[in-house]
Amino acid sequence: MLLFKTVQDIDNQLKSLKKKGLKIGYVPTMGALHLGHISLIKAAKKRSKVVVCSIFVNPTQFNDLKDFERYPVTIEGDIEKLAEAGCDILFLPSVAEMYPNGYENPARIDFGFLAQTLEGGHRPGHFDGMAQVVEKLLRIVKPDVLLMGQKDYQQQLIVGELIRKRRFKTQLVACPTVREADGLAMSSRNVRLNTDSRKKAVEISKTLQWAKSQIANRESDIGSIRASAFKRLAAVTGFDPEYFEIRNTQTLELPRSKREKLVALAAVKVGGVRLIDNMVLN
Ligand code: AMP
């Protein structure tokens, strides 16, 4: 695996690979890699000849400075995992390399409701920062295929919009969420859970699963399923649920009927660690 730290160096390498007509698959990450990330690398390998991964903890997408400072960094382990998974190129830029002219983004895109709701409402500025860095990275790597996780459901919808609005030629592939044996969605933040919180965290995916079964059995209306699910999360000691919502899978608008394709999305602070998860319901 080749490792590049500057835009110039990775650009030179990618140009020569593209000249040979090789298809590029790309997986952007913030590191602290787990099997969820590795599943994206494997999906990229299936779809392209050259697999590029980046690790960059992007300061502009953290609305909470403490969350940024506590974000786990495990570069050496990450490099080993990537090499083992068959990643070809790792891009590891510094903050100065990504933001040579400072953090300002005069060309920000207005994603409308898609970026205002759910995570957008609870993490002001998060999606602006995320879209800013993903756009920069796409302009550097210019991949044929971009692989992202459904774990960050709203994020992959917004990146889809970014690709459309900027007319990038990249194809976005959203890959399924990889879970621990008990159902907890894998996340870099899980390492910050203490033993008690880790045990309880499984309630998030259990509640999503419960909502799915309620929809399947047509037990009750969407509003009461949503409210019961939120109550169920709030009843767990140490849980501070921010939201549990059932939305249209494409627009994230409130659904008008169960015939629409639905996704349930939740954000919960568990022992002080903010976790998100979601499940497509039908
Ligand atoms: P992150 O490093 O958290 O920014 O995530 C990088 C990419 O990995 C994003 O596209 C995430 O959606 C994806 N990802 C994170 N966790 C998982 C998971 N458990 N399963 C599948 N993809 C994931």
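The values are calculated or read from the model by the stated rules, or taken from the named source; none is laboratory data. Since the structure is predicted, the reported quantities are computational estimates derived from the model, not experimental observations. Reconstructed Cβ throughout: ideal geometry from the backbone, glycine too, with neighbour counts over all protein chains shown. Heavy atoms of the whole protein, side chains included, go into the accessibility calculation; ligands, DNA and RNA do not. Shrake-Rupley method; radii C 1.70, N 1.55, O 1.52, S 1.80 Å.
Just a few scattered comments:
- Of residues in the stretch 182-194 being of a type outside the set (A, V, I, L, M) and in a loop (DSSP other than H, G, I, E, B), the one farthest from the ligand (Cβ to nearest atom): ASN194
- Residue check for ILE246: closer than 18 Å to ASN278 by Cβ, of a type in the set (Val, Ile, Thr) and out of contact with any Pro (no Cβ under 8 Å at 6 or more places or on another chain): no
- Screening VAL27, VAL50 for residues that are of a type outside the set (S, T, N, Q) and away from the ligand (no atom under 16 Å from the Cβ) leaves exactly one candidate, VAL50.
- Filter pass, LYS165 being among the charged types (D, E, K, R), away from the ligand (no atom under 12 Å from the Cβ) and farther than 25 Å from SER54 by Cα: no
To keep it simple, each residue is scored yes or no on (1) within 10 Å of the ligand (Cβ to nearest atom); (2) farther than 24 Å from SER39 by Cβ; (3) within 12 Å of the chain's Cα centre (by Cα); (4) open to solvent by less than 60 Å² (accessible area, probe 1.4 Å).
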residue	(1), (2), (3), (4)
GLY120	no, yes, no, yes
PRO124	no, yes, no, no
VAL134	yes, no, yes, yes
VAL141	no, no, no, yes
TYR153	yes, no, yes, yes
ILE158	no, no, yes, yes
CYS175	yes, no, yes, yes
GLU180	yes, no, no, no
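- Taken over the stretch 92-120, the criterion of being touching a residue at least 60 places away in the same chain (Cβ under 8 Å), under 30 Å from ASP240 (Cα atoms) and part of a helix (DSSP H, G or I) is satisfied by PHE113, LEU114, GLU119.
- Search result, residues across the stretch 160-173 that are buried (at least 17 other Cβ atoms within 10 Å of the Cβ), assigned to a helix (DSSP H, G or I) and touching a strand residue (DSSP E or B) at 6+ places or on another chain (Cβ under 7 Å): ILE163
- Tabulated pairs, the stretch 30-47, first more than 27 Å from ASP67 (Cβ to Cβ), second within 9 Å of the ligand (Cβ to nearest atom) and hydrophobic (A, V, I, L, M, F, W, C), C-beta under 6 angstrom, 6+ apart or interchain: ALA43/LEU147; ALA43/CYS175; ALA44/VAL27; ALA44/LEU147
- Selection of the stretch 106-118 for residues being in contact with an Asp or Glu (Cβ under 7 Å, 6 or more places away or on another chain) and open to solvent by less than 60 Å² (accessible area, probe 1.4 Å) yields PHE111, LEU114, LEU118.
- Those residues of the stretch 90-104 which are surrounded by 13 or more Cβ atoms within 10 Å (Cβ to Cβ) and more than 21 Å from the chain's Cα centre (by Cα), in sequence order: GLU97, TYR99
- If you go through the stretch 259-273 and keep only what is surrounded by 15 or more Cβ atoms within 10 Å (Cβ to Cβ) and over 16 Å from THR207 (Cβ atoms), you end up with GLU260, GLY271, VAL273.
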